[in-house]
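Here's the structure, in structure tokens; my notes come after.
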Amino acid sequence: MAENGNGSVLVTHEGGCHCGKVQWQIQAPAHLQTHTCNCSICNINHYQHLIVPKQRFQLLSDPDTLSEYRFGSGLAKHYFCKACGVKSFYIPRSNPDGVSVHARCLNPASVLSITDTPFDGQNWEKNAASLAHLSKA
């Protein structure tokens, strides 16, 4: 079993979009630390962010099942399922070495617990430094 820098054992979690066309896999602890922000998109979809380093994320489905969208600066990359329209994962501009997946899209069999912390996503520039550690967990 792999460990992260904090000594937590990493397990394999699988998840994807609602219709099942987009599937991905991550390596993360079984006790997850997530955050929920209040930006317009996440607030509407109740997106529960789980950020992992890019090397611990693997897309299992065909990349052609995804639509990429970039907001504003174009630094963040949001990936939506072409079939059901759900944002399956994204690369945050505040943490470009990480991938944020929706924790509620995980198969619950590999999750022992989820601790969620609210985050002021409408003012992310002011708060981004406090989230940098999330990609290390």
Could you count how many residues in the stretch 44-81 are farther than 16 Å from residue 21 by Cβ and in contact (Cβ under 8 Å) with a residue 40 or more places away in the chain? 12
For the stretch 51-101, what are the residues that are in a helix (DSSP H, G or I) and within 22 Å of residue 35 (Cα to Cα)? 54, 55, 56
Expected single match for under 24 Å from residue 28 (Cα atoms) and either touching an Asp or Glu at 6+ places or on another chain (Cβ under 7 Å) or at pLDDT 90 or above (or both) among 88, 135 is 135
Restricting attention to the stretch 64-77, does a residue exist that is at pLDDT below 95 and under 13 Å from residue 100 (Cα atoms)? yes
For the stretch 91-116, what are the residues that are open to solvent by 10 Å² or more (accessible area, probe 1.4 Å) and under 13 Å from residue 15 (Cα atoms)? 102, 104, 105, 106, 107, 108, 109, 110, 111
Give the stretch 55-79 a look and list any residue that's more than 22 Å from residue 28 (Cβ to Cβ) and crowded, with 17+ Cβ neighbours inside 10 Å, or say none. 65
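The values are calculated or read from the model by the stated rules, or taken from the named source; none is laboratory data. A quick note: this is a predicted structure, and the numbers were derived from the prediction, not measured. Cβ atoms come from the backbone with ideal geometry, glycine included; neighbour counts cover every protein chain shown. The accessibility values were calculated without ligands, DNA or RNA, using every heavy atom of the protein model including side chains. Shrake-Rupley method; radii C 1.70, N 1.55, O 1.52, S 1.80 Å.
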